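The values are calculated or read from the model by the stated rules, or taken from the named source; none is laboratory data. If you're wondering where the values come from, they're calculated on a predicted model, not measured in any experiment. Here the Cβ positions follow ideal geometry from the backbone for every residue, glycine too, while neighbour counts run over all protein chains shown. The accessibility values were calculated without ligands, DNA or RNA, using every heavy atom of the protein model including side chains. Shrake-Rupley method; radii C 1.70, N 1.55, O 1.52, S 1.80 Å.
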Amino acid sequence: MGFSREQPIFTTRAHVFQIDPSTKKNWVPASKQAVTVSYFYDVTRNSYRIISVDGAKVIINSTITPNMTFTKTSQKFGQWADSRANTVFGLGFSSEQQLTKFAEKFQEVKEAARLARDKSQEKIETSSNHSQASSVNGTDDEKASCAGPADIHLKSENDKLKIALTQSAANVKKWEIELQTLRESNARLTSALQESAASVEQWKRQFSLCRDENDRLRNKIDELEEQCSEINREKEKNTQLKRRIEELESELREKETELIDLRKQSEIIPQLMSECEYVSEKLEAAERDNQNLEDKVRSLKTDIEESKYRQRHLKVELKSFLEVLDGKIDDLHDFRRGLSKLGADN
């Protein structure tokens, strides 16, 4: 991949995502699991890149520019946009601390990339000034053919510039070799990207299958929950039936106890019946005696009425007798007084 001249300066592990190119809203997983994500520094080009490889597939190859911004969208997730790759990368970390370290390193590398850009622009301006000086000195060299020894110093300077140009040509060849290496790397990256695109399509199909399977499982879960609800209702009914059975068993035990008592009582029923017959006979005898007594009472009442009648009759007769007796007594008193009077006269 041409990473031999690059040195890792920071490494972490995270789940890698890319924005869905069709919707620009949904995240598409670029790795099946957490993979290594590293910051690399290219000594030759004085540039910084974020690189992540999953097996033999490059899933992140993003050159950091001063215009990039890393954004924390949650406690464990961050993202940045890469205009060259025409995508947005997202990283999911296992802790907030890892996300914070990655964001701080991104800011440091971004600042280093800015400084490298500024230095590169200064070098370009310096090279331009040297080129202009070479052009001027070349003109002077042409004039030196007809000039005197006073221009020997300028010729020496021109020789130095020629040597510098030769070195620049050698550097150009080196850069051409480096460019060829970069082209080969880009070809390999293009192949990797095509493989990634194919993997994305495969992941999309698998995601669609997983989503269908998920919907089926959700429906199955709903059915199982409904069955669980029915089972719970049946359990509640069984609980109520158990309570009812316990109540009936308790009532049955009470009835059995009553039945035992009744059986015990039934054993003394013949004795009670004989006693009842004896009492009935005594009751009948008492009723007969009562009837006789009632007859006697009625007879005595009749006798009493007759006695009362006779007493009233005797009272009347006694009263008449007393009245007659009183008259006789009065007559005797009168007779006595007459006797007493006769005796006195004599």
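Using Cα centres only, tell me the gap between the stretch 50-95 and the stretch 237-255 in whole Å.
70 Å
Provide the packing ranking of 213-225, 86-98, i.e. peptides ordered by the mean count of other C-beta atoms within 10 Å per residue, highest first.
Per-residue Cβ counts within 10 Å, averaged per peptide and sorted highest first, yield 86-98, 213-225.
Measure off, as a whole percent, the carbon and sulfur share of the 1.4 Å-probe accessible area of the stretch 251-299, all protein chains present.
56 percent
Leaving out ligands, DNA and RNA but keeping every protein chain, what accessible area does Trp27 have, in Å² rounded to the nearest 10, with a 1.4 Å probe?
Roll a 1.4 Å probe over it and Trp27 shows about 80 Å².
So, for the stretch 199-332, what is the accessible surface per residue at a probe of 1.4 Å, expressed in square angstrom?
That works out to 92 Å² per residue.
Taking 0.36 nm per residue of separation and subtracting the Cα-Cα distance, what length does fully extending Glu249 through His333 add?
Here the segment from Glu249 to His333 would lengthen by 19.3 nm.
How high is the FRET efficiency between Ser208 and Asn86 when r is their beta carbon distance and R₀ equals 25 Å, given to the nearest 0.05?
Taking R0 as 25 Å, the efficiency between Ser208 and Asn86 is 0.55.
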